[in-house]
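The values are calculated or read from the model by the stated rules, or taken from the named source; none is laboratory data. Fair warning: this is a prediction, and the values are worked out from it, not measured in the lab. Every residue, glycine among them, receives a Cβ derived from its backbone with ideal geometry; neighbour counts consider all protein chains shown.
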Amino acid sequence: MNQNNKQAIPVALVTGSARRIGAAIVQILHKSGYKVVIHCHHSHTQADKLAQLLNDLRADSALVIRQDLNQPDVGERLIHDVINRTGRLDLLVNNASLFRRTELHQWDARDHQELFAVNVLAPLALSMAAFPFLSQQRGCIVNITDIHAVKPLKGYASYCQTKAALAMQTRALARELAPTVRVNAVAPGAILWPEHENALNQDIREHIIAGTPLKSHGQPDYIAQAVLALIDNPFITGQILNVDGGRSVC
């Protein structure tokens, strides 16, 4: 592919986008005309299947890049790979995140450091590496934070701190990268319950739903729609959009 063809359509990189919320974001961006870069670490089988599905709909419209975000040079390496393969970057969505229980009486500095590396430092490194390319397109960054950035969840102190840091990173970079790059965030409430060993137990799930005015959990598409709304409005920056069924007002 020549350079002119590479630059014909906008390109979006979505981290942690092989499944769940990330996959929903990728699909809505693809439907909106983006060429999508699906980033994954462990979920490469799901990522390959998603890319194949999207490429069947529109040829050469999706690709997969596999990288461990818990690496000091991941920002430069991942963005360099994207530019090398697509020729441009219009949108960065920092969606990848670790969700891990950290009981304070069993506090482990290594767990805390890994959570911060993936949830805070990787988005910052990616944003800084992407800035020159986003600036050329007057593009934007959207971070996926969490309602627990401001409403702590018992047993998840380290995770909540990382999301609070990412929320402040969103506001700080909106100041630093203006006027050529906008930076916003979406803060989901209860969307999909975690699927792994750190999954919330039934009592916690019921407590969360009871504290949600709309009395239900949301769907990944709701987050994807919010991301698209922030992308499409050229006069919004430095904002965190809560998509949480009203939990943030309780």
If you take the residues of the range 221-250 that are modelled with pLDDT under 95 and farther than 24 Å from A174 by Cα, which of them is surrounded by the fewest Cβ atoms within 10 Å (Cβ to Cβ)?
V249
How many of the residues in the range 138-191 are closer than 23 Å to L104 by Cα and of a type in the set (S, T, N, Q)?
4
Could you please find all residues in the range 89-111 being of a type in the set (A, V, I, L, M) and modelled with pLDDT of 85 or more?
L89, L91, L92, V93, A96, L98, A109
Can you tell me which residue among L98, L89, L134, L124 is crowded, with 23+ Cβ neighbours inside 10 Å, within 20 Å of H39 (Cα to Cα), out of contact with any Cys (no Cβ under 9 Å at 6 or more places or on another chain) and in contact (Cβ under 8 Å) with a residue 12 or more places away in the chain?
L89
Just to be sure I understand, how many residues within the range 39-93 are touching a helix residue (DSSP H, G or I) at 6+ places or on another chain (Cβ under 7 Å), assigned to a helix (DSSP H, G or I) and among the β-branched types (V, I, T)?
4
Among the numbered conditions (1) buried (at least 17 other Cβ atoms within 10 Å of the Cβ); (2) at pLDDT 95 or above, tell me where Y156 comes up short.
(2)
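Of all residues in the range 83-118, count the ones that are hydroxyl-bearing (S, T, Y) and within 14 Å of Y156 (Cβ to Cβ).
2
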